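Visitor: This is the structure I want to talk about, given as structure tokens.
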Amino acid sequence: MTEPMQNVQPVTLSSQAFLLLCRLYDGCYDELNQNEQIRELVESIGDILLAGVETLEKQETKPKNITFPLTVQQAFFLRRLVIELLAQSPTDKEDRTTQWLQECVTALAGGGVQPNVKHS
């Protein structure tokens, strides 16, 4: 991607939410990557998430939060993807997976980490 650096924003997620986001993205990567119009975007997001996972694996003590850079376009794309996945997930608001997905949506919208937030 050749977006100006000022369009890059740090996104911070709890480690669990980040790993869930990576797993979900990995699960739909091949399908998304088949679309010629968004291939470059899909690959750039994949590279960023993979770099975050590799960094995590190298650390002996796992951090509670992960911060990684995304362009506005990348964050918007990931947020839309997570919202779609949330719409398909069980509606139990107390479910940890649902809470981590909600955390992803909030962080990707520029809201940062909000651990243990009850969503109504």
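The values are calculated or read from the model by the stated rules, or taken from the named source; none is laboratory data. In this text, all values refer to a predicted model and were calculated from it rather than measured experimentally. Cβ sites come from the backbone with ideal geometry, for glycine too, and all protein chains shown count toward neighbours.
Visitor: From Ala87, Ala107, Ala75, which residue is part of a helix (DSSP H, G or I), surrounded by fewer than 19 Cβ atoms within 10 Å (Cβ to Cβ) and of a type outside the set (Lys, Arg)?
Guide: Ala87
Visitor: Related question: Check Gln74, Gln88 and return the single one that is under 25 Å from Glu43 (Cβ atoms) and at pLDDT below 85.
Guide: Step by step, each of Gln74, Gln88 is checked, and only Gln88 is under 25 Å from Glu43 (Cβ atoms) and at pLDDT below 85.
Visitor: Specify the residue that is surrounded by the fewest Cβ atoms within 10 Å (Cβ to Cβ); the eligible residues are those in the stretch 54-72 that are closer than 15 Å to Cys104 by Cβ and not hydroxyl-bearing (Ser, Thr, Tyr).
Guide: Looking at the filtered set, the residue picked out is Asn65.
Visitor: Also, quick follow-up: Would you mind telling me which numbered condition in (1) touching a helix residue (DSSP H, G or I) at 6+ places or on another chain (Cβ under 8 Å); (2) touching a residue at least 40 places away in the same chain (Cβ under 8 Å); (3) more than 17 Å from Asp26 (Cα to Cα) Phe76 fails?
Guide: Tallying (1) touching a helix residue (DSSP H, G or I) at 6+ places or on another chain (Cβ under 8 Å); (2) touching a residue at least 40 places away in the same chain (Cβ under 8 Å); (3) more than 17 Å from Asp26 (Cα to Cα), Phe76 fails exactly one: (2).
Visitor: Would you please name the residue that is nearest to Ala17 (Cα to Cα), looking only at residues in the stretch 37-72 that are of a type in the set (Lys, Arg) and part of a helix (DSSP H, G or I)?
Guide: In this case the residue turns out to be Lys58.
Visitor: OK, next. Considering only the stretch 43-65, I want to know if a residue exists there that is under 18 Å from Arg96 (Cα atoms), touching a strand residue (DSSP E or B) at 6+ places or on another chain (Cβ under 9 Å), of a type outside the set (Gly, Ala, Ser) and modelled with pLDDT under 95.
Guide: Yes: one or more hits.
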